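> A single structure is presented below for examination.
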Amino acid sequence: EEATRVAALRAGEADIAPVSVGAKKQVEKGGGKLIFGPEGRYFRTILVGCWSDPDFPCADKRVRHALAYAIDKEMMRDQLYGPEVMELKGWAVVPPGVIGYTPEMAPFPFDPEKARSLLTEAGYKNPDNPDGKDFGKLIINTWVSVSMPVMPESAQLAAEFWKRELGIDTEVRVGDKVALGKLVKTTDQLDGQIRWADDEARLDG
């Protein structure tokens, strides 16, 4: 947990650890400093195996769009990272400093009403469509990243938005990055689930 990581830094038991902007004062008080690389990383939210089985809710583009519209990304930025660290621009490997960037690649805004409307169109149960078919449990797999601070916390925040705005039963599972990668590449165990990951931006997207 972050409190443990911060305590280890302050006690000299750790030289480097991922922390949130909220821990900045504590880290600096202990003689440390917060370092980040602008546009160095991005969230990579992978809906695993959604194209292998039409019965998965995420096989429907409207569902994928509903999930995106239901997350308040500004709150995620402000609560976990801060505007000096997290930008809400670009898409995937193409943040503003990358060749190929255009403002047209802005992420979907927070629009819970549109999210529920899309989920209703797709036929799934949500606060606006209690008679729709059951979505089932949505599992989000993530890990503690060495280069993207508080990634499990960001996944948990997304899960809370999906629960609150769409009525989806969500569960965040924190595992090992390498093990999760192997499962995705060699099995279908995570099909229909989400891999909440981080990845590197590129010079030329």
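The values are calculated or read from the model by the stated rules, or taken from the named source; none is laboratory data. For clarity, every value in this text was computed on a predicted model and none was experimentally measured. Note that each Cβ is placed from the backbone with ideal geometry, even for glycine, and that neighbours are counted across all protein chains shown. Accessible surface is based on the protein model in full, side chains and every heavy atom, while ligands, DNA and RNA are left aside. Shrake-Rupley method; radii C 1.70, N 1.55, O 1.52, S 1.80 Å.
> Given a 1.4 angstrom probe, what's the average accessible area per residue across the chain, in square angstrom?
Working: 11740 Å² over 205 residues.
Result: 57 Å² per residue.
> Follow-up question, since we're still on this one. Leaving out ligands, DNA and RNA, and with a 1.4 Å probe, what % of the accessible surface on region 2-62 is carbon or sulfur? Show your work: numbers first, answer last.
On the way: 2110 of 4060 Å².
Roughly 52 percent, rounded to a whole number.
> What's the longest uninterrupted piece of the chain once you rule out the trypsin sites (Lys or Arg not before Pro) that are loop residues per DSSP with at most 16 other Cβ within 10 Å? The partial results should precede the final answer.
Numbers: sites that count: LYS33, LYS89, LYS137, ARG202.
Longest stretch, sites excluded: 138-201.
> Tell me, what HN-Hα J-couplings in whole Hz come from the Karplus equation 6.51 cos²θ - 1.76 cosθ + 1.60 at θ = phi - 60° for each residue of region 120-135, using x for Gly and Pro?
3J(HN,Hα) across region 120-135, in whole Hz: 5, 4, 6, x, 9, 5, 7, x, 8, 9, x, 9, x, 6, 6, 6.
> Next question, about the same structure. Restricting to Cα pairs below 8 Å that are 6+ residues apart, what does the relative contact order work out to for region 83-171? Please round to a whole percent.
The value is 21 percent.
> Quick one: which residues, 5 or more positions from ARG173 or on another chain, have an amide H under 5 Å from its amide H? H modelled 1.01 Å from N in the peptide plane, none for Pro or chain starts.
Correct list: ILE140, ASN141, THR142.
> Hey, another quick one. Give the lysines whose C-alpha is closer than 25 Å to that of LYS73, dropping any in the same chain fewer than 8 places away, or say none.
Cross-link targets: LYS24, LYS25, LYS61, LYS89, LYS114, LYS125, LYS137, LYS163, LYS177.
> Related question: Only bridges whose two residues both fall in region 110-177 count here: according to DSSP, what percent of them are antiparallel, nearest 5?
Details: 1 of 8 bridges.
Here the share of antiparallel DSSP bridges comes out near 10 percent.
> How much of the accessible area of region 85-174, probe 1.4 Å, is carbon plus sulfur, in whole percent?
On the way: 2430 of 4580 Å².
Carbon and sulfur together cover 53 percent of it.
> While we're on this one: For the chain, which longest stretch is free of loop sites, where a loop site is one of the GluC sites (Glu not before Pro) that DSSP puts outside H, G, I, E and B and that has at most 11 other Cβ atoms within 10 Å?
On the way: sites that count: GLU1, GLU13, GLU84.
Between exposed loop sites, the widest span is 85-205.
> Still on this structure: Under 10 °C and 1.306 mPa s, how fast does the chain diffuse according to Stokes-Einstein, given a Kirkwood radius computed over C-alpha pairs? Answer in µm²/s, whole number. Each step should come with its number before you reach the end.
Working: Rh = 18.3 Å.
Answer, rounded: 87 µm²/s.
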